[in-house]
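Undergrad: The structure's right below; bear with me while I get my questions together.
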Amino acid sequence: MGYPSEPGSEADPYRLLRSKMVYEQIESRGIVDKSVLRAIGKVPRHLFVPENMRPQAYTDGPLPIGSGQTISQPYIVAFMTELLHLQSNDRVLEVGVGSGYQSAILAELSAEVIGLERLPDLAQQAEARLLSMGYRNVAVHVTDGSEGFSSEAPYNAILVAAAAPSVPQPLIEQLAEGGRLVIPVGGTYEQVIERLTRQGKAIHRERLTAVRFVPLIGKHGFKGS
């Protein structure tokens, strides 16, 4: 299929690649939420990867960002974001900020994002990057994300960008009424994305699609240094 013309591509040479990514990798695979598609079409993914990897920023897969961490495949970012059913007034907790790319997508779609990252260097880089891009509704904290961030709870949505052996109980407890939690759950090499929704005292759980994420290290995740 053809792609729409891209005015301003001289200022952003990756704009056409980003548009193609949205059409070929995301929309064609069934992502239908127009707000998610717009957000991913807007956020410059190439600014969230190491400079020498920018030509690969819009390829169909994850990329290393240093410290043994990755920026997730664009489709998976879109899929997990769509599962949250975000509203413009939602408060979102993100566990595993990494490069800050997912944070930017969430910030486009919600009122406030509380981001947690256990690695100080990544957290500082992500926060500086997001601020330089004008995102004032994201706060990044260096902490064990598996414990959530109770001082700012409850949250309308929680997204975990790392795999846990089971869903951390503190994250479930920090969900607001009607809140949605999306997280990869499983072993070290393969997991399944789960969505949990709070309905009063009940938690509705769905198991959705197989994935492979880096491990969530922490008290309620995998053990690590």
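The values are calculated or read from the model by the stated rules, or taken from the named source; none is laboratory data. Since we're looking at a predicted model, the values are computed, not measured. Every residue, glycine among them, receives a Cβ derived from its backbone with ideal geometry; neighbour counts consider all protein chains shown.
Undergrad: Using the structure shown, decide if Pro215 is in contact with a His (Cβ under 9 Å, 6 or more places away or on another chain) and of a type outside the set (Val, Ile, Thr).
TA: So Pro215 does not fit the description; no.
Undergrad: Something else about it: Of all residues in the range 154-186, which are out of contact with any strand residue (DSSP E or B) (no Cβ under 8 Å at 6 or more places or on another chain) and either surrounded by fewer than 16 Cβ atoms within 10 Å (Cβ to Cβ) or closer than 20 Å to Leu106 by Cα (or both)?
TA: Within the range 154-186, Gln169, Glu173 meet the criteria.
Undergrad: Then there is this: Take the range 187-197 and flag every residue that is without any contact (Cβ under 8 Å) to a residue 24 or more places away in the chain and closer than 20 Å to Leu106 by Cα.
TA: Thr197 - this is the single residue of the range 187-197 that is without any contact (Cβ under 8 Å) to a residue 24 or more places away in the chain and closer than 20 Å to Leu106 by Cα.
Undergrad: Now a separate question. Please go through the range 45-61 and give me each residue that is buried (at least 16 other Cβ atoms within 10 Å of the Cβ) and under 17 Å from the mean Cα position of the chain (by Cα), ordered by number.
TA: Correct list: Arg45, His46, Leu47, Phe48, Val49, Ala57, Tyr58.
Undergrad: With respect to Leu119, is the statement that it is buried (at least 18 other Cβ atoms within 10 Å of the Cβ) and either closer than 19 Å to Val192 by Cα or free of Cβ contacts under 8 Å to residues at least 24 places away in the same chain (or both) true?
TA: Details: buried (at least 18 other Cβ atoms within 10 Å of the Cβ): yes; either closer than 19 Å to Val192 by Cα or free of Cβ contacts under 8 Å to residues at least 24 places away in the same chain (or both): no.
No; evaluated as a whole, the condition is false for this residue.
Undergrad: Hey, another quick one. If you take the residues in the range 131-153 that are of a type outside the set (Ser, Thr, Tyr) and more than 24 Å from Leu175 (Cβ to Cβ), which one is surrounded by the most Cβ atoms within 10 Å (Cβ to Cβ)?
TA: The first filter runs over the range 131-153 and keeps only residues of a type outside the set (Ser, Thr, Tyr), leaving 131, 133-134, 136-142, 144-145, 147-149, 152-153.
Still in the running and more than 24 Å from Leu175 (Cβ to Cβ): 131, 133-134, 136.
Details: Leu131: 13, Met133: 15, Gly134: 9, Arg136: 9.
The residue in question is Met133.
Undergrad: A follow-up question, please. Among the candidates Gly179, Gly134, single out the residue that is in contact with a Pro (Cβ under 8 Å, 6 or more places away or on another chain) and outside any helix (DSSP H, G or I).
TA: Checking each option against the conditions leaves just Gly179.
Undergrad: How do the strands (runs of 3 or more DSSP E) wholly within the range 21-106 filter down when requiring 2 or more residues that are under 19 Å from Ala126 (Cα atoms) and modelled with pLDDT of 95 or more: which remain?
TA: Numbers: elements: 63-66, 69-71, 91-95.
Of the strands (runs of 3 or more DSSP E) lying wholly inside the range 21-106, those with at least 2 residues that are under 19 Å from Ala126 (Cα atoms) and modelled with pLDDT of 95 or more span 91-95.
Undergrad: Taking the range 182-225 on its own, how many of its residues are of a type in the set (Lys, Arg), out of contact with any Leu (no Cβ under 7 Å at 6 or more places or on another chain) and under 15 Å from Pro170 (Cα atoms)?
TA: 2
Undergrad: While we're looking at this one, here's another question. Restricting attention to the range 75-93, does a residue exist that is touching a Pro at 6+ places or on another chain (Cβ under 7 Å) and either closer than 24 Å to Gln56 by Cβ or not aliphatic (A, V, I, L, M) (or both)?
TA: No, because not a single residue in the range 75-93 is touching a Pro at 6+ places or on another chain (Cβ under 7 Å) and either closer than 24 Å to Gln56 by Cβ or not aliphatic (A, V, I, L, M) (or both).
Undergrad: Moving on. Scan the range 203-218 for residues that are surrounded by fewer than 18 Cβ atoms within 10 Å (Cβ to Cβ) and part of a loop (DSSP other than H, G, I, E, B) and jot them down.
TA: The answer is Arg212, and nothing else.
Undergrad: List every residue pair whose Cβ atoms sit under 6 Å apart, with the two residues 6 or more apart in sequence or on different chains, where the first one lies in the range 39-54 and is on the phi < 0 side of the Ramachandran plot and in contact (Cβ under 8 Å) with a residue 60 or more places away in the chain and the second, anywhere, is crowded, with 16+ Cβ neighbours inside 10 Å and part of a helix (DSSP H, G or I).
TA: Every condition considered, the pairs that remain are Ala39/Ile105; Ala39/Glu108; Ala39/Leu109; Ile40/Val22; Ile40/Ala78; Val43/Ala104; Val43/Ile105; Phe48/Tyr101.
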